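Written out below as structure tokens is the structure these notes cover.
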Amino acid sequence: MFFKLLKDALRVKTVRKKILFTIFIIFVFRVGTHITVPGINAESLARLSDLPFLNLFNLVSGNALRNFSVFSMGVSPYITASIIVQLLQMDIVPKFVEWGKQGEVGRRKLNQATRYISLVIAFLQSIGITAGFNAISGAILVKSPNLQTFLLIGSILTAGSVIVTWLGDQISDKGYGNGVSMIIFAGIISSIPSAIASVYEDYFVNIRPSQMTQSLVFVGILILAVLIVIFFTTFVQQAEYKIPIQYTKLAQGASSSSYLPLKVNPAGVIPVIFASSITTLPSTILPFLGGRGIPWLDTLQMLFDFRTPVGMVVYAVLIILFSFFYTFVQVNPEKTSENLQKSSAYILGVRPGPDTEKYLSALLKRLATIGAVFLAVISLAPIAAQHYFGLSSTVALGGTSLLILISTGIDGMKQLEGYLLKRKYVGFINTEN
């Protein structure tokens with residue numbers, strides 16, 4: 001279905017330009033991911049390939065951190081800043097709450113604040129990561145480790161993060177799809193060949209002929225499991241709960257009823273990224289605190305290491321908690337109730353105002369439960385497979401990667417459908433093809 005939509009969309013000149021422009025921007029980004037920061041021995045990162053924190057940042061940065069390139073920070077600081085700004089709008093910072101109610105003008109102010117915050121985060125994060133990886137690698141990552149070098153590297157990485165965010169904005173404005181999602185999407189796609197090569201090396205290279213049948217069966221089961229996960233993830237990501245609503249004031253001839261769609265997984269993939277960041281934080285801080293041997297640090301390391309059974313449980317609990325939290329950030333029952341009242345609409349069988357807010361809150365809790373369990377299962381399945389079947393570390397964040405790939409793909413299909421639907425509506429006035 002996707003390829004049919006793509007074929008039809010490529011026949012439309014404006015859509016074809018958008019897709020080609022997006023491909024060009026992604027090409028520029030991929031070239032940048034191979035330009036190593038001056039003064040860095042990127043080969044030293046090879047020994048840290050099993051570090052969860054490195055795998056997480058490689059996921060968000062499109063594998064740019066693997067080469068410690070100028071785009072190593074990727075869109076991670078911007079994502080973090082966006083989440084912070086969204087949280088601050090929840091009656092924490094009055095100015096942000098006011099801007100959130102000002103429509104397009106307020107949105108531009110919030111976007112500007114997000115960029116300033118992301119700039120600070122990018123600079124602090126780049127210096128912290130450089131110093132941390134330098135300590136973990138045995139002080140061989142940075143060729144001349146001093147304050148001036150760290151500040152220079154931090155400035156380069158910050159500038160690279162700003163450029164990547166700008167490239168994402170160009171895709172959103174002039175290209176196809178959401179810019180930030182497309183940048184991450186391209187990075188994940190680029191890592192698939194290496195993941196396949198890793199599985200091939202683990203199960204088909206240097207094995208005895210008697211083990212070949214066993215390897216073929218296992219890889220077949222692995223492929224089948226991936227297909228099942230893709231189908232299940234696609235089904236849940238597209239699933240919606242439609243709330244019937246009624247309008248009291250509409251133009252004559254217009255429909256007086258409609259529905260309010262709520263996704264079964266309203267929080268998306270953000271809770272998984274939050275939980276991954278927290279669980280990998282102790283592994284990053286540990287080298288600065290003297291390494292192993294301190295009892296409470298070793299306990300903390302065990303609790304937050306999602307490669308252990310205890311760590312998996314903690315990881316799942318964090319995903320569930322963040323799912324509930326971020327669901328109410330994404331869909332604010334109070335604001336939704338107010339918007340329905342302003343539109344002269346109400347939910348069938350529910351009084352407008354506080355009753356509508358209570359109804360939406362109760363419904364969101366049920367949807368968040370389904371979404372949280374779904375995210376926990378999808379995220380833990382590849383980690384469990386890695387732990388119990390000895391798979392390569394490249395599958396450790398496979399669940400998160402699948403969620404991002406499928407979500408971006410679904411959004412892309414809907415956008416293509418929108419382009420084609422618009423073409424059908426305006427075709428009778430000789431719109432340019």
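Bear in mind that the values in this text are calculations on the coordinates, not laboratory data. All of these numbers come straight from a predicted model, not from anything done at the bench. Here the Cβ positions follow ideal geometry from the backbone for every residue, glycine too, while neighbour counts run over all protein chains shown.
Counting only other residues whose beta carbon sits under 15 Å from that of residue 241, what net charge do I get with K and R as +1, D and E as -1?
+3
Between the DSSP loop rule and a limit of at most 16 other Cβ atoms within 10 Å, which trypsin sites (Lys or Arg not before Pro) in region 76-111 are left?
Of the trypsin sites (Lys or Arg not before Pro), the ones in loops of region 76-111 whose Cβ has at most 16 other Cβ atoms within 10 Å are 101.
Go through region 141-146 residue by residue and turn each phi into a ³J(HN,Hα) via Karplus (6.51, -1.76, 1.60, θ = phi - 60°); whole Hz please, and just put x for glycine and proline.
The phi angles translate into 6, 8, 5, 10, x, 8 Hz.
What are the ³J(HN,Hα) values, in whole Hz, obtained from phi via the Karplus relation 6.51 cos²θ - 1.76 cosθ + 1.60 with θ = phi - 60°, for each residue of region 316-330 in sequence order, with x given for Gly and Pro?
5, 4, 5, 4, 5, 5, 5, 4, 5, 5, 6, 4, 7, 6, 6
State which entries of 18/101; 242/335; 109/342; 101/242 exceed 29 angstrom in Cα-Cα distance in the structure shown.
Over 29 Å Cα-Cα: 18/101.
What distance in nm lies between label points placed 7 Å from Cα along the C-beta direction at residue 197 and residue 230?
So the label points at residue 197 and residue 230 sit 2.1 nm apart.
Sort the following peptides by mean Cβ neighbour count (other Cβ atoms within 10 Å, averaged over residues), highest first: 24-31, 224-231. Before the final figure, lay out each step's value.
Numbers: 24-31: 16.6, 224-231: 12.9.
Descending packing order for the listed peptides: 24-31, 224-231.
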